[in-house]
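The values are calculated or read from the model by the stated rules, or taken from the named source; none is laboratory data. Source: prediction; values computed, not measured. Here the Cβ is made from the backbone with ideal geometry for all residues, glycine too, and neighbour counts use every protein chain on show. SASA here: full protein model, heavy atoms, side chains in, ligands and nucleic acids out. Shrake-Rupley method; radii C 1.70, N 1.55, O 1.52, S 1.80 Å.
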Amino acid sequence: MKILALTGSPRKGSNTDILVDKILEGARTKRHATEKLHLYDYEILPCLDCRRCKEIEHVYNCPLKDGMPEIYLLLEAADIIVFGTPIYWYGPRPR
């Protein structure tokens, strides 16, 4: 089983990062493949609602050039996705 963890904390080694590492460590003891991405290492642009991604039906190819195509491939290959989200304002931090 492939497990992908996405951490949204801007600080590596943060409490969120440590907790995600513990989850992945447990998964590896069961021989699951794991990978962790620090989302702050990627340029992720917001959707502009230009709708160019929908020009060809069921293709959804975003025209923005950012780090998402690489992340999408990993998301599609994952069996389980773990979201490590710091709680600064009683919910996920808007970016």
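Summary of values
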read-out: Condition broken by residue 49, with the remaining ones in (1) surrounded by fewer than 12 Cβ atoms within 10 Å (Cβ to Cβ); (2) modelled with pLDDT of 95 or more satisfied; value: (2)
read-out: Some residue of the stretch 45-64 being within 12 Å of the chain's Cα centre (by Cα) and more than 18 Å from residue 78 (Cβ to Cβ); value: no
read-out: Residue among 8, 84 that alone is of a type outside the set (D, E, K, R), modelled with pLDDT under 95, in contact with a strand residue (DSSP E or B) (Cβ under 8 Å, 6 or more places away or on another chain) and open to solvent by less than 60 Å² (accessible area, probe 1.4 Å); value: 8
read-out: Total residues in the stretch 7-35, condition in contact with a Gly (Cβ under 8 Å, 6 or more places away or on another chain) and under 16 Å from residue 74 (Cβ atoms); value: 3
read-out: Residue check, residue 4 touching a residue at least 40 places away in the same chain (Cβ under 8 Å) and touching a helix residue (DSSP H, G or I) at 6+ places or on another chain (Cβ under 8 Å); value: yes
read-out: Residue check, residue 66 open to solvent by 70 Å² or more (accessible area, probe 1.4 Å), of a type outside the set (Val, Ile, Thr) and at pLDDT 90 or above; value: no
read-out: Selection count, the stretch 11-34, where residues are closer than 13 Å to residue 82 by Cα, open to solvent by 80 Å² or more (accessible area, probe 1.4 Å) and touching a residue at least 24 places away in the same chain (Cβ under 8 Å); value: 2
